[in-house]
Amino acid sequence: MKNLFSLEGRTALITGGSRGLGKMIAEGFLAHGARVWISSRKSADCDATAAELSAGGGFCRALPQDVSTVEGCQALAAAIGAREAQLDILVNNAGAAWAAKFETFPERGWDKVLDLNLKSPFFLTQALLPLLAKAASPERPAKVINVASIEGLTVSPLPSYSYQVSKAGLVHLTRVMASRLARDHIAVSAIAPGYFPSEMNTEARDDPEASASKVPLGRTGSAEDMAGAAVYLASRAGDYVVGSTLTVDGGIAYATKVPSTGWL
């Protein structure tokens, strides 16, 4: 039991790992003994975060890559394949958001968000299947963790139409991929975060009290909250969790009512 949450000897790849939720997850994985590769679109940010996180003595390296296209997903898979013989954990965290009024919501706001939030997790997992399968066994499955959102579980008052739909699709894609990849001893699951401070959730970052007032527990999420959820799913503790989405939101989705604002 004392090694239930250990990631010793495990290698992980985290997209969108240079900041926000991805960085929180990377910190947690490193603290529990994993070798961590982080990827993001901006090379400078990716390199800087890898240097920061590896300063404590753990293994954290950068693989900058835009994964918004199939070609980008394949390029990232080739890059890590040239450096690692197998991959134990994949965290599909890279994402984008778009908000605009219903009357003026643009097609680009759909294409950009759906490509990165929904298509990329599928095609990156597809491209990395050989490396994941090499790491997987009945006794020790490989892991794929998709980072969804509570906006994919409930209707948000924000006019983020494509974002909400993309995250709802990712929740179901998690089930679909889990059903297929279980035969390869790869356990697929997801996390649906609530209000965590990040570049995407600027209110939680810049005005935590305003965000906390909407949370039943009365606070926004911390780095430890996100790391704990990801470590649970990635470690032996989460080996029997397949196709599920773990909601980490202080109770917003299932312990409170979201008032209707009439924007629909």
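The values are calculated or read from the model by the stated rules, or taken from the named source; none is laboratory data. No experiment lies behind these values; they were computed from the predicted model shown. We place every Cβ from the backbone using ideal geometry, glycine too, and count neighbours over all the protein chains shown.
Observations on the model:
- For residue 179, the criteria (1) outside any helix (DSSP H, G or I); (2) polar (S, T, N, Q); (3) at pLDDT 95 or above hold in every case but one, which is (1).
- Number of the condition not met by residue 120 [criteria: (1) under 27 Å from residue 177 (Cβ atoms); (2) polar (S, T, N, Q); (3) in a loop (DSSP other than H, G, I, E, B)]: (3)
- The number of residues in the range 122-151 being surrounded by fewer than 23 Cβ atoms within 10 Å (Cβ to Cβ) and basic (Lys, Arg) comes to 2.
- Residue count for the range 101-121 under the criterion of being more than 30 Å from residue 144 (Cα to Cα) and surrounded by 14 or more Cβ atoms within 10 Å (Cβ to Cβ): the result is 1.
Conditions (1) part of a helix (DSSP H, G or I); (2) farther than 14 Å from residue 153 by Cβ; (3) at pLDDT 95 or above, marked per residue:
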position: 187; (1), (2), (3): no, yes, yes
position: 190; (1), (2), (3): no, no, yes
position: 203; (1), (2), (3): yes, yes, no
position: 220; (1), (2), (3): no, yes, no
position: 231; (1), (2), (3): yes, yes, yes
position: 242; (1), (2), (3): no, yes, yes
position: 253; (1), (2), (3): yes, no, no
position: 261; (1), (2), (3): no, yes, no
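- Residue match in the range 132-139 (condition: closer than 12 Å to residue 70 by Cα, in contact with a strand residue (DSSP E or B) (Cβ under 8 Å, 6 or more places away or on another chain) and assigned to a helix (DSSP H, G or I)): no
- Close pairs from the range 236-253: first over 16 Å from residue 174 (Cβ atoms), partner of a type in the set (Val, Ile, Thr), Cβ under 7 Å, at least 6 apart: 249/150; 250/215; 251/215; 252/150; 252/215
- Flag for residue 210 being outside any loop (DSSP other than H, G, I, E, B), among the hydrophobic types (A, V, I, L, M, F, W, C) and in contact (Cβ under 8 Å) with a residue 24 or more places away in the chain: no
- Considered as a group, the residues in the range 226-241 that are under 14 Å from the mean Cα position of the chain (by Cα) and not aliphatic (A, V, I, L, M) include one that is surrounded by the fewest Cβ atoms within 10 Å (Cβ to Cβ), and that residue is 228.
- Of the listed requirements (1) buried (at least 17 other Cβ atoms within 10 Å of the Cβ); (2) in contact with a Cys (Cβ under 9 Å, 6 or more places away or on another chain), residue 34 misses just one: (2).
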